[in-house]
Amino acid sequence: MKTRKICLLLASLLPNVIAFPVIAQKSDVALKDRITQVENSLATAIVYSQDSMIPAVNLLQRMKELNVKGVSIAVINNYKIDWAKAYGWADESEHKQADIHTLFQAASISKTINSMGLLKLVQMGKVDLDTDVNQYLKTWKVPYDSIGAGTVITLRNLLSHSGGMSVSGFSGYERGASIPRIDQILDGIPPANSAAVRHISKPGNKFEYSGGGITISQLLLTDVTGERYDNFMSREVFQPLQMTDSRYVLNGDTSNVAAGYYSDGKPVKGKYHIYPEYAAAGLWTTPTDLAKYIIDCQLTLAGKSGKVLSPAMMQERFQPVVMYNESKVALGVFLRYKNGAFYFNHNGGNEGFTCASYGSLKDGYGVVVMTNSNNSQLMLEVCNSVARVYNWDRFYIPRIEKGVKPAKDNNR
């Protein structure tokens with residue numbers, strides 16, 4: 001009862017926090033109860049031995065502690081979106097509250113959506129997964145230097161980060177700055193602000209996370225199709241999945257776009273950065289749209305869908321290529337190891353944004369969390385909370401540490 005009073009008090013003290021359920025079922029008591037439980041069960045990854053039980057923290061309280069201005073959540077249960085809600089500010093300076101249609105930067109989750117488009121191209125017979133990508137690239141070629149000599153880089157390599165390519169990530173460009181072409185980005189030529197994408201190891205069986213390699217796949221798609229990347233992705237991926245709030249180009253409409261913030265709560269200059277590296281980091285979307293993608297993956301793997309990829313191609317997409325610690329890396333998909341179980345996953349972080357997405361390989365459950373904060377703590381805690389409330393298989397098993405929790409320990 002005391003915890004409930006504290007939560008209600010916090011809610012009353014934070015009038016800027018707003019929540020919108022995507023499902024208008026006000027009479028559904030069980031649904032309301034699940035939402036309330038998730039909002040009050042944020043859980044640490046580490047539990048200290050003096051704790052008599054696993055700590056549970058209120059979402060609004062944690063947002064305040066971590067300077068997270070806004071968060072949006074979609075929960076999947078039994079192959080359906082069980083609920084979606086948004087909390088806090090999309091843009092604090094403009095007093096613009098977040099709702100379930102607020103666009104957040106997907107950051108590296110863009111990579112997993114990119115793989116859907118590239119594998120659709122494979123399915124259409126336009127490219128092959130195991131052929132030298134230089135056979136398809138027209139406006140730029142992979143320079144096989146001394147490190148890459150005698151080998152070839154394939155689309156399978158690029159999508160699984162096994163191409164041995166450099167440039168792990170991108171910092172984006174301030175609004176109003178000159179935006180480079182993709183070939184300038186790949187060669188590290190101004191106005192590009194990142195290094196040239198080159199070999200740092202031989203292609204093959206080694207995991208080397210490379211946003212640069214994913215950007216090569218973006219250029220491959222446009223070179224092969226002869227059309228803009230965003231047009232192809234909209235027609236072949238977003239429209240079939242009814243991802244109606246997803247886009248790469250804002251076209252001047254920023255009425256429901258989240259502004260980014262750093263971990264100390266200070267805003268990103270110009271509100272957000274622009275990422276011409278669409279495939280690696282440039283997607284604007286919502287948790288609801290990403291949940292639609294996750295559900296389609298689950299149904300297609302079960303042979304019950306095929307809106308974008310056939311069941312056979314989706315199975316190919318999920319085949320591991322390399323290992324990363326205890327997890328497996330497939331084609332645009334991480335099979336994340338969780339205490340003996342695997343979940344398909346991709347997380348992301350751009351300037352002022354972090355996000356997480358998890359889906360089960362069977363039984364149709366998952367979660368997407370997007371925040372306009374550089375602090376990734378909250379998104380992970382929310383995932384733990386959803387896993388606890390919905391009794392996910394082995395997802396959340398805290399690590400027990402001896403002693404007393406450090407005063408400033410934020411590890412969750």
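The values are calculated or read from the model by the stated rules, or taken from the named source; none is laboratory data. The structure presented is a predicted model; accordingly, all values stated were derived computationally and were not measured. Here Cβ is always computed from backbone atoms with ideal geometry, including for glycine, and neighbour counts include all displayed protein chains.
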Of the conditions (1) of a type outside the set (Phe, Trp, Tyr); (2) touching a residue at least 12 places away in the same chain (Cβ under 8 Å); (3) surrounded by fewer than 21 Cβ atoms within 10 Å (Cβ to Cβ), Gly125 fails just one. Which one is it? (2)
Could you please find all residues in segment 334-386 being in a loop (DSSP other than H, G, I, E, B), within 18 Å of Asn67 (Cα to Cα) and among the small types (Gly, Ala, Ser)? Gly352, Ser373, Ser376
Going by the structure shown, is Ala90 within 30 Å of Ser305 (Cα to Cα), crowded, with 22+ Cβ neighbours inside 10 Å and modelled with pLDDT of 95 or more? no
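Determine which member of the set Val329, Val382, Val386 is closer than 27 Å to Met243 by Cβ, touching a Phe, Trp or Tyr at 6+ places or on another chain (Cβ under 9 Å) and crowded, with 24+ Cβ neighbours inside 10 Å.
Values: Val329 fails: crowded, with 24+ Cβ neighbours inside 10 Å; Val382 fails: touching a Phe, Trp or Tyr at 6+ places or on another chain (Cβ under 9 Å).
When all the criteria are applied, what remains is Val386.
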Segment 149-184: number of residues that are closer than 29 Å to Gly270 by Cα, touching a strand residue (DSSP E or B) at 6+ places or on another chain (Cβ under 8 Å) and among the hydroxyl-bearing types (Ser, Thr, Tyr): 3
Checked segment 65-92 for anything part of a loop (DSSP other than H, G, I, E, B) and under 18 Å from the mean Cα position of the chain (by Cα); matches are Val68
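Within segment 156-194, can you find the residues that are farther than 30 Å from Asn251 by Cβ and either out of contact with any His (no Cβ under 7 Å at 6 or more places or on another chain) or part of a loop (DSSP other than H, G, I, E, B) (or both)?
Correct list: Arg156, Asn157, Ser160, His161, Ser162, Gly163, Gly164, Ser166.
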Looking at segment 213-240 only, could you name the residues that are crowded, with 20+ Cβ neighbours inside 10 Å and more than 21 Å from Leu129 (Cβ to Cβ)? Phe238
Within segment 227-307, helices (runs of 4 or more DSSP H) holding 3 or more residues that are among the charged types (D, E, K, R) and under 19 Å from the mean Cα position of the chain (by Cα): 287-301
